[in-house]
Amino acid sequence: MKTLCLYYSRTNLTKSAMEELAKILDADLMEYTDGKDRKGFWGYIGACIDSMKKTLPKVTIQGSPDFGSYDRVLIGMPVWVEGPSIVGRALIKQYGQALPGDVYYVVTHMAENDYLKKIKAMDSLLGRPSKGQVSLRTKDNDYLGEIRAFGNELMR
Ligand SMILES: Cc1cc2nc3c(=O)[nH]c(=O)nc-3n(C[C@H](O)[C@H](O)[C@H](O)COP(=O)(O)O)c2cc1C
């Protein structure tokens, strides 16, 4: 099974999780972005402001993958302001139809909140049910251990 791992990451936590996953699944790993520099304090404030807007940004995937050559895609993103990041949601909305067969969401967050319901709700942007979802708390938690376990499950 040929797998594509896509990620958006502001502080590299989602990136680390997706790197682990790509290693386990022997997958191609590519970054997607809305092109905005969101580093530091002002980047954080900008991300909060953009999260309040109704319109989603336009995203690009670095490496321009040929979706047709993959059997499944795993999409990594952080939580921003109590829901999956606008950049991740934009990717799903923009590319949903074109994404290959099985789609999984990998969402990281700081709080102990359970974001699974909001994560699953992204299926309305995808236009079909996602195959799986994982919600990872990155603060004070072995989230890399959790993502390895998730990856090993997918290998079965
Ligand atoms: C603008 C912004 C809003 C955030 N809102 C939340 C939130 O509502 N709940 C939460 O648990 N974490 C929140 N976080 C924390 C991130 O989801 C968390 O640190 C994530 O693992 C960061 O991933 P990254 O390093 O890949 O960007 C927020 C982070 C940012 C930048």
Q. What is the number of the single condition among (1) more than 15 Å from the ligand (Cβ to nearest atom); (2) more than 16 Å from Gln133 (Cα to Cα); (3) of a type outside the set (S, T, N, Q) that Val103 does not meet?
A. (2)
Q: Check Ile119, Ile92 and return the single one that is closer than 21 Å to Pro65 by Cα and hydrophobic (A, V, I, L, M, F, W, C).
A: Ile92
Q) Any idea how many residues of segment 132-156 are within 12 Å of the ligand (Cβ to nearest atom) and either farther than 12 Å from Ser16 by Cα or assigned to a strand (DSSP E or B) (or both)? A) 6
(Q) It is to be established whether one or more residues within segment 60-78 are over 24 Å from Gly145 (Cβ atoms) and under 14 Å from the mean Cα position of the chain (by Cα). (A) yes
Q) Counting only residues that are within 16 Å of the ligand (Cβ to nearest atom) and not aliphatic (A, V, I, L, M), how many does segment 79-98 have? A) 7
(Q) Arg10 - would you say it is among the charged types (D, E, K, R), buried (at least 16 other Cβ atoms within 10 Å of the Cβ) and farther than 27 Å from Ala149 by Cα? (A) no
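Given the structure, is Tyr44 in contact with a strand residue (DSSP E or B) (Cβ under 9 Å, 6 or more places away or on another chain) and hydroxyl-bearing (Ser, Thr, Tyr)?
Spelling it out, it is not the case that Tyr44 is in contact with a strand residue (DSSP E or B) (Cβ under 9 Å, 6 or more places away or on another chain) and hydroxyl-bearing (Ser, Thr, Tyr).
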Q: Being in contact (Cβ under 8 Å) with a residue 12 or more places away in the chain and closer than 25 Å to Thr55 by Cβ is the filter here, so list the residues in segment 12-39 that pass it.
A: Thr14, Met30, Glu31, Tyr32, Thr33, Asp34, Gly35, Lys36, Arg38, Lys39
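Each row is one residue, and each column tells you yes or no for (1) polar (S, T, N, Q); (2) over 14 Å from the mean Cα position of the chain (by Cα); (3) more than 8 Å from the ligand (Cβ to nearest atom).
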position	(1), (2), (3)
Arg10	no, no, no
Leu13	no, no, no
Asp26	no, yes, yes
Thr33	yes, no, yes
Lys36	no, yes, yes
Gly43	no, yes, no
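Bear in mind these aren't lab numbers, they're just calculated from the coordinates by the rules spelled out. Just so it is clear, the structure is predicted and the values come from calculations on it, not from any experiment. A quick note on method: Cβ atoms are made from the backbone with ideal geometry, for glycine too, and the neighbour counts reach across all protein chains shown.
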